[in-house]
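In what follows, a single structure is set out as structure tokens and then discussed.
The values are calculated or read from the model by the stated rules, or taken from the named source; none is laboratory data. As the structure is a prediction and not an experimental result, all values here were calculated from the model. Methodologically, a virtual Cβ is constructed for each residue, glycine included, from the backbone with ideal geometry; neighbour enumeration extends over all protein chains shown. Please note that ligands, DNA and RNA were not included when accessible areas were found on the heavy atoms of the full protein model with its side chains. Shrake-Rupley method; radii C 1.70, N 1.55, O 1.52, S 1.80 Å.
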Amino acid sequence: MLFLDLIAKKRDGGRHTPAELELVARGAAKGTVPDYQLSAWLMAALCRGMDEGETVALTKAMAASGEKLGLGAVKRPKADKHSTGGVGDGISLALAPLAAACGLAVPMMSGRGLGHTGGTLDKLEAIEGFKVRLELPEIRAQVAKLGFSLFGQTGTLAPADRTLYALRDATATVPARPLIVASILSKKAAEELDALVLDVKVGSGAIFRDAASARSLAKALVKTAKGLGIPTVAVLTAMEQPLGRYVGNALEVRQAVEILRGDETASDYLECLLALGGWMLKLGGISKTPKAGAELMRSKIKDGSGLALFRECVKAQAGSVAAIDDLSLLPKAKASRSVKATSSGVVSALDARKVGHAAVLLGAGRAFKDQELDYGAGLELLKKVGDRVAKGDTLAILHAADEVKLGLGEREYRDALKISPAPRSRNPSS
Ligand code: URA
């Protein structure tokens, strides 16, 4: 069958056979189908959808397009967490070393930014020198030695996803349930896990904004993962406003390091991190309950072992440890701007999707395939939902390469923000 016929079949609402989906996965993995045809097929798949059988077949074909990690010699339980994508969601950076400090082996194959959401690989590359493209023997050696590694798809590891992921990002074909399931689980299948925790985001900044769609994505992910023999739980977490205090690549490295140093300012980030970590430790058999797992993980922040392991990982993957020890050495954008409140009141909304778009406009995300990122670009969010503000207060600090980008980012950020009148004090004499 010609790939052209396959595109036409999906365009017209046809149902693919497993053999046809193997053609898609193989064509993407080996580069034998041009990007424009793969992109056309992705759009047809998004518009026409795929049923459960097609989703499973695509996931299996994409998983089979590459090699398995082969971590049989690692004795610790192998566990991972994967998020469906959010804004300010750099949790993996802190979670992987903490889970390793608790006794899990975490072979974390991650992705780049998708649409308005950030990606772990882009954040890691904000650390000067950090190598996310590792060969299989390097990953095996590092997981055996440190208990974790953070790396990306390669020509041999989930290669079909590497191509399709980048095309989806540049063709507005991210929000398709079967494509998300196949993308995430083809990576996780290569890791041969004992436990997988899926962080399914819900809210304005999530791929699916409404709870019903997020729940149905979670169900599809868990069902398909179980079919692949991966013990999995999905946790629905809020993505109405960005997570934590920073959005942008170097800024989110800062956030992760601050958390690992014991700074609890970003309480929403810490809460989400511990909830997911607790489930990883429960499912991986280290803790009896998710709550006990969360407590164990918190103890690894307190005793500094999570931070020590993160430093080791940065060193092992050729990144600048100096930038972890002294965060002022992380990349900085050329220009910055403080955004001030034009009225007093309480922040009642900070739309995560719009903040994610602002980050892209500032240079922290991609508008087209292979676009270079400005690692220092992004937003420092000084005020979040529920915070009181007075006219003239600094709400956020934006970072970008020039004033034009700062202007575009500011407009989008202001559009994301809502300040409502503060409720009157109940006790007028106080
Ligand atoms: N993460 C992935 O790896 N793939 C998706 O499609 C979405 C989030």
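Observations, loosely collected:
- Checklist (1) in contact (Cβ under 8 Å) with a residue 60 or more places away in the chain; (2) of a type outside the set (D, E, K, R); (3) more than 16 Å from the ligand (Cβ to nearest atom) applied to residue 37, failing item: (1)
- Complete set of residues in segment 196-227 that are more than 15 Å from the ligand (Cβ to nearest atom), over 18 Å from the mean Cα position of the chain (by Cα) and in contact (Cβ under 8 Å) with a residue 40 or more places away in the chain: 223, 227
- From 117, 154, residue being open to solvent by less than 20 Å² (accessible area, probe 1.4 Å), more than 14 Å from the ligand (Cβ to nearest atom), at pLDDT below 95 and β-branched (Val, Ile, Thr): 154
- Any chance residue 372 is without any contact (Cβ under 8 Å) to a residue 60 or more places away in the chain and outside the structural domain of residue 265 (by TED's automatic domain parsing): yes
- Residue within segment 49-60 that is in contact (Cβ under 8 Å) with a residue 24 or more places away in the chain, assigned to a loop (DSSP other than H, G, I, E, B) and within 19 Å of residue 191 (Cα to Cα) present: no
Okay, residues lined up against (1) in contact with a Leu (Cβ under 8 Å, 6 or more places away or on another chain); (2) surrounded by 15 or more Cβ atoms within 10 Å (Cβ to Cβ); (3) β-branched (Val, Ile, Thr); (4) modelled with pLDDT under 95:
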site	(1), (2), (3), (4)
347	yes, yes, yes, no
374	yes, yes, no, no
379	yes, yes, no, no
398	yes, yes, no, no
403	no, no, no, no
429	no, no, no, yes
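- On inspection, residue 234 passes the criterion of being in contact (Cβ under 8 Å) with a residue 12 or more places away in the chain, outside any helix (DSSP H, G or I) and not charged (D, E, K, R).
- Output for segment 168-195, where each listed residue is closer than 16 Å to residue 62 by Cβ, part of a helix (DSSP H, G or I), more than 11 Å from the ligand (Cβ to nearest atom) and open to solvent by 10 Å² or more (accessible area, probe 1.4 Å): 189
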